[in-house]
1. Check off (1) over 30 Å from Glu169 (Cα atoms); (2) open to solvent by less than 40 Å² (accessible area, probe 1.4 Å) for Ala109 and give me the number that stays unchecked.
2. Mind checking which residues of region 130-183 are out of contact with any Lys or Arg (no Cβ under 8 Å at 6 or more places or on another chain), in a strand (DSSP E or B) and either open to solvent by less than 10 Å² (accessible area, probe 1.4 Å) or not aliphatic (A, V, I, L, M) (or both)?
3. Restricting to region 101-147, count the residues that are over 30 Å from Ala28 (Cα atoms), aliphatic (A, V, I, L, M) and out of contact with any helix residue (DSSP H, G or I) (no Cβ under 6 Å at 6 or more places or on another chain).
4. Considering only region 230-321, give the strands (runs of 3 or more DSSP E) lying wholly within it that have at least 3 residues that are open to solvent by less than 40 Å² (accessible area, probe 1.4 Å).
5. Which condition breaks for Ala29 when tested against (1) surrounded by 17 or more Cβ atoms within 10 Å (Cβ to Cβ); (2) under 18 Å from Pro14 (Cβ atoms); (3) not charged (D, E, K, R)?
6. Looking at (1) modelled with pLDDT of 95 or more; (2) closer than 20 Å to Leu257 by Cα, which one does Tyr159 not meet, given that it meets all the others?
7. Being within 29 Å of Gln318 (Cα to Cα) and either buried (at least 18 other Cβ atoms within 10 Å of the Cβ) or out of contact with any Phe, Trp or Tyr (no Cβ under 7 Å at 6 or more places or on another chain) (or both): is that true of Leu34 here?
8. Cβ-Cβ under 8 Å, sequence separation 6+ or interchain: first residue in region 268-281 and under 14 Å from Val298 (Cα atoms), partner outside any loop (DSSP other than H, G, I, E, B) and of a type in the set (Gly, Ala, Ser). Which pairs?
Amino acid sequence: MKYVPRIALFLAIPAILFLLPWWTLIGAATEGPLFWFGSAVFLAGFVCLPASMFLGHGPRQSDPASIVGDTLLGVMWVLFSWSVIGNIVGLGLALGGMDDPARSRIVAAGVLAIAAALTVWGVIEARRVPRVRTLDIAIRGLGPALDGLRMVVITDTHYAALDRLRWSEQVVDVVNAQQPDIACHAGDLADGSVAKRHPQVDPLGKIEAPLGRFYITGNHEYFGDAPGWIDHMTSIGWQPLHNQHETITRGDDRLVLAGIDDPTGVGLPGHGPDLPAALAGADPDAPVVLLAHQPRQVTEAAAAGVALQISGHTHGGQIWPFHYLVRLEQPVVAGLSRHGDTQLYTSRGTGFWGPQLRVFAPSEITVLVLRSA
């Protein structure tokens with residue numbers, strides 16, 4: 001009986017995602033054979049979504065099922081969102097005096113056309129090599145020898161069921177072209193085991209950064225095998241910052257680069273964020289740059305006097321208008337923000353999770369150029 005609420009929620013979400021688009025595209029706008037055919041298609045989709053998500057992300061971890069379920073989830077989110085907008089437009093047309101069936105058919109045609117166009121565009125945006133975003137950030141206390149330090153940040157690569165080996169190699173080429181002093185991966189490296197996903201991850205070992213390559217865990221590592229990914233990243237030349245720090249030195253000037261675990265790791269012995277441990281023994285006069293996967297971790301970072309926190313996790317919302325829901329949990333969805341004396345940069349992410357769509361939330365490879373304040 002304890003699983004009944006979970007099962008009900010697992011079925012309620014697909015029901016909501018399918019019911020409104022069904023009404024908008026089929027129920028209110030068609031009749032006869034088209035009505036029955038369209039209804040059958042939506043019913044099949046409603047059955048397929050929870051089944052494929054369970055097979056893909058449950059105990060079986062079926063990659064084909066994961067691809068089907070994730071793609072269907074993304075398409076239905078786009079259809080649902082624009083069905084909401086379409087019905088608002090339909091209400092306006094009704095108030096303006098337009099009667100059915102013309103009104104419902106106009107709304108249905110508009111929703112279908114926009115959703116189809118955005119889905120195609122969203123797939124192209126998700127699968128493309130990310131654009132480079134370069135930003136100068138003034139760091140209080142940064143010595144002149146470190147002025148101009150280039151930190152290249154990738155995050156949320158989410159290597160998963162879709163084989164993106166070639167994409168991974170292209171990302172490495174773009175990162176190296178930025179001539180980073182330091183390379184950072186801010187978590188959510190992959191979805192799945194090291195055995196299944198390491199071929200897609202291994203090209204990251206070719207990234208060149210003379211002052212170091214650093215990695216922290218995101219929440220998705222803790223849905224799989226976080227210790228295994230920490231060991232694997234070490235084996236390809238990346239240094240995990242598992243609640244620890246490194247001191248970056250150039251000339252007589254120093255910068256503390258620290259990293260903490262994702263909060264999801266609390267349930268795993270020896271894991272979970274511990275900022276005091278990460279900063280233990282650090283030079284108190286050196287500015288601190290912190291890698292922390294979730295933007296909401298900035299509250300503790302600000303209290304500790306961190307100069308800059310670098311995060312990911314949000315994907316910028318990934319598929320509009322999901323960013324409004326992200327904002328309920330996180331203080332920032334994307335970009336540079338200030339929290340007291342601490343600056344926070346939130347990347348929209350380099351890859352994508354689940355649905356291979358990005359709508360109004362483009363991916364990025366970020367170049368943060370640190371400047372003396």
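The values are calculated or read from the model by the stated rules, or taken from the named source; none is laboratory data. Quick caveat, the model's predicted, so the values are computed rather than measured. Cβ coordinates were reconstructed from backbone atoms using ideal geometry, including for glycine residues, and neighbour counts include every protein chain displayed. Side chains included, ligands, DNA and RNA excluded: accessible areas come from the protein's heavy atoms. Shrake-Rupley method; radii C 1.70, N 1.55, O 1.52, S 1.80 Å.
1. All conditions are met except number (2).
2. Those that are out of contact with any Lys or Arg (no Cβ under 8 Å at 6 or more places or on another chain), in a strand (DSSP E or B) and either open to solvent by less than 10 Å² (accessible area, probe 1.4 Å) or not aliphatic (A, V, I, L, M) (or both): Arg131, Arg133, Thr134, Arg150, Met151, Val152, Val153, Ile154.
3. The qualifying residues number 10.
4. Qualifying strands (runs of 3 or more DSSP E): 253-259, 288-291, 308-311.
5. Looking at each condition in turn, Ala29 falls short on (2).
6. Just one mismatch for Tyr159, condition (2).
7. Taking the combined requirement at face value, the residue does not satisfy it.
8. Pro273/Gly265; Leu275/Ala258; Leu275/Ala301
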